[in-house]
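Below you'll find the structure I mean.
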């Protein structure tokens, strides 16, 4: 559905450019001598991790467990999205296992709980974009479950 909307938008822009005297170039003066067209927004920044390149912040389309809040544990490990909630690791990991597939992410693995109770789940978002993938770590800390999401840099940023 998203690809169809993007394609429709591109076709509309191309049609408008052709009927308005040709294509416009961002930052160039318009044919009528008016103000220049604004340059497009900069791409989302990324960070290279041992897992691979990740987006520095989650796209608006990436789900967040209901009621979860932004969180930091003081770790220097980068993450696309870090949140915490009072729900259990099993509840939160199961929720993401249901929330991501309708968005085009297929769960490829979920590990057994580690000694500290953490669970890692991997998702393939290849149907969203070639090379798109995500890794979520669910870590219990006291009465909270922290969710550290790594969203691959190949994933869409909107």
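The values are calculated or read from the model by the stated rules, or taken from the named source; none is laboratory data. It should be emphasised that the depicted structure is a prediction, and the values quoted were computed from it without experimental measurement. Please note: Cβ atoms are built from the backbone with ideal geometry, for glycine as well, and neighbour counts cover all protein chains shown.
Somewhere in the stretch 54-66, is a residue out of contact with any helix residue (DSSP H, G or I) (no Cβ under 9 Å at 6 or more places or on another chain) and in a strand (DSSP E or B)?
Checking the stretch 54-66: at least one residue is out of contact with any helix residue (DSSP H, G or I) (no Cβ under 9 Å at 6 or more places or on another chain) and in a strand (DSSP E or B).
Within the group 71, 53, which residue is in contact with a strand residue (DSSP E or B) (Cβ under 8 Å, 6 or more places away or on another chain), at pLDDT below 95, surrounded by 12 or more Cβ atoms within 10 Å (Cβ to Cβ) and within 30 Å of residue 105 (Cβ to Cβ)?
It is 71.
Moving on. What number of residues within the stretch 75-100 are more than 15 Å from residue 65 (Cα to Cα) and outside any loop (DSSP other than H, G, I, E, B)?
Here the count works out to 0.
Then there is this: Return the residue satisfying two criteria in turn: it lies in the stretch 101-119 and is over 17 Å from the mean Cα position of the chain (by Cα) and outside any loop (DSSP other than H, G, I, E, B), and of such residues it is surrounded by the most Cβ atoms within 10 Å (Cβ to Cβ).
Once the filter is applied, the top-ranked residue is 119.
Consider residue 22 carefully, then state whether it is modelled with pLDDT under 90, within 23 Å of residue 149 (Cβ to Cβ) and not in a helix (DSSP H, G or I).
no
Could you please give the count of residues in the stretch 122-135 that are closer than 22 Å to residue 78 by Cβ and either touching a helix residue (DSSP H, G or I) at 6+ places or on another chain (Cβ under 6 Å) or surrounded by fewer than 19 Cβ atoms within 10 Å (Cβ to Cβ) (or both)?
The number of residues fulfilling the criteria is 4.
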